[in-house]
Amino acid sequence: MYDDELEKIKQRKLAEIMSRMSGAEKSFATRTPPEPVTLTDENFDEFVSNNRLAVVDFWAEWCAPCRMIAPIVKELAKDYAGRIAFGKLNVDENPMTAAKFGIMSIPTLIVFKDGQPVDMIVGAVPKRQIEVRLNRHL
């Protein structure tokens, strides 16, 4: 719980800093991180629009398949750092964004290209299967 709150504060501060940066500084700062970014209803749109290719994991704390896929998403973020940005959005804490994309089952991964959804993977699927789908968009 404490780690989640700390991550939210970090994300809010990062957004504040980035909003004050010039264009050149901002493009450097938005390079895809080597781990998933915690997303909220407030920072979701900025995240998907600031990354050419982004994958968002829609999940919930109580969801066993979500917990199964979490380490895979973390590995993929590390493996594809610099090429694909990964984010995680807790659907219980951020219902507006989940509703906006019609999330009915979790985990759901949505691939965004240039801010638009281009692919969706529903359920806890193997890493290799996710990679095949991701590589179509690189």
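The values are calculated or read from the model by the stated rules, or taken from the named source; none is laboratory data. Source: prediction; values computed, not measured. Please note: Cβ atoms are built from the backbone with ideal geometry, for glycine as well, and neighbour counts cover all protein chains shown.
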Counting just the residues of the range 75-99 that are in a helix (DSSP H, G or I) and among the acidic types (Asp, Glu), which one comes out surrounded by the fewest Cβ atoms within 10 Å (Cβ to Cβ)?
Asp79
Determine if the range 58-70 includes at least one residue that is basic (Lys, Arg), surrounded by fewer than 23 Cβ atoms within 10 Å (Cβ to Cβ) and either outside any helix (DSSP H, G or I) or at positive phi (or both).
no
For the range 11-60, give me each residue that is closer than 13 Å to Ala85 by Cα, of a type in the set (D, E, K, R) and modelled with pLDDT under 65.
Arg31
Taking only pairs six or more apart or across chains, which ones have beta-carbon atoms under 9 Å, a first residue in the range 112-138 that is free of Cβ contacts under 8 Å to residues at least 60 places away in the same chain, and a second residue that is among the acidic types (Asp, Glu) and assigned to a strand (DSSP E or B)?
Arg133/Asp119; Arg136/Asp119
Quick one: is Val91 out of contact with any Ser or Thr (no Cβ under 6 Å at 6 or more places or on another chain) and under 21 Å from Arg12 (Cβ atoms)?
yes
Is there any pair linking a residue in the range 59-70 that is closer than 14 Å to Lys88 by Cα and of a type outside the set (Ser, Thr, Tyr) to one that is at pLDDT 95 or above and assigned to a helix (DSSP H, G or I), with Cβ under 7 Å and at least six apart or on different chains, and which?
Trp59/Cys66; Ala60/Cys66
